[in-house]
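Everything below concerns the one structure shown next.
The values are calculated or read from the model by the stated rules, or taken from the named source; none is laboratory data. On a predicted model such as this, the values are computed, not experimentally measured, just so you know. All Cβ positions, glycine included, derive from the backbone under ideal geometry; neighbour counts span all protein chains shown. Note: accessible area is taken over every heavy atom of the protein model, side chains too, but ligands, DNA and RNA are not part of it. Shrake-Rupley method; radii C 1.70, N 1.55, O 1.52, S 1.80 Å.
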Amino acid sequence: MAANQTLTIIKPHALRDNNAGAILAVLNKAGFRIAGMKMTRLTRDQTENFYNEHRGKYFYPPLVDMMSEGPIIVAILEKENAVTDLRRIVGSTDPAKADPGTIRRMFGLSMRENAIHASDGDQNALREIGFFFSETERY
Ligand code: GDP
């Protein structure tokens with residue numbers, strides 16, 4: 001399972017701007033199957049745990065503010081080479097530096113409000129899928 005599944009989060013600003021549908025359409029068109037999906041809102045505690053690896057960095061406090069400020073859509077995405085292929089279509093962390101056609105280039109507003117999260121490796125994908133989804137919520 002690991003190599004074929006990854007986790008994405010449509011960030012609060014992208015939902016607020018009504019871009020969730022357009023982002024999901026790009027993902028489906030790129031060949032990702034949705035193997036689980038929910039709309040939820042993270043508490044500050046949950047957000048701090050999710051981004052634990054960034055604790056102490058200068059961008060951590062505003063990142064926690066941003067990710068807990070409103071609802072998100074979180075999804076398990078499945079295809080061959082899911083982690084690598086999602087990172088490619090999501091693009092660089094900074095939307096201004098992301099390649100044309102990538103999701104962050106199209107929908108990102110800033111380095112922080114960059115539209116979408118993508119797991120950065122198979123181990124993290126497993127951890128992040130487990131963070132949001134129980135076994136019975138995976139299809
Ligand atoms: P990602 O894997 O491309 O999402 O990047 P990271 O895991 O390094 O960072 C997690 C999230 O923190 C990013 O998606 C951004 O929302 C935010 N972030 C990362 N680096 C910076 C930065 O230098 N400045 C700001 N403002 N936010 C950042």
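The figures follow:
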read-out	value
Residues that are under 15 Å from Ile10 (Cα atoms), open to solvent by 10 Å² or more (accessible area, probe 1.4 Å) and either touching a Gly at 6+ places or on another chain (Cβ under 7 Å) or within 16 Å of the ligand (Cβ to nearest atom) (or both), drawn from the range 71-84	Ile73
Every residue from the range 85-116 that is out of contact with any Gly (no Cβ under 8 Å at 6 or more places or on another chain) and away from the ligand (no atom under 13 Å from the Cβ)	Pro100, Gly101, Met106
Tabulated pairs, the range 91-120, first open to solvent by 70 Å² or more (accessible area, probe 1.4 Å), second of a type in the set (Phe, Trp, Tyr) and not in a helix (DSSP H, G or I), C-beta under 8 angstrom, 6+ apart or interchain	Met111/Phe59; Arg112/Phe59
Complete set of residues in the range 29-51 that are over 16 Å from Ile129 (Cβ atoms) and open to solvent by 80 Å² or more (accessible area, probe 1.4 Å)	Lys29, Met39, Arg41, Arg44, Asp45
Residue match in the range 33-47 (condition: in contact with an Asp or Glu (Cβ under 9 Å, 6 or more places away or on another chain), at pLDDT 95 or above, more than 15 Å from the ligand (Cβ to nearest atom) and of a type in the set (Gly, Ala, Ser))	yes
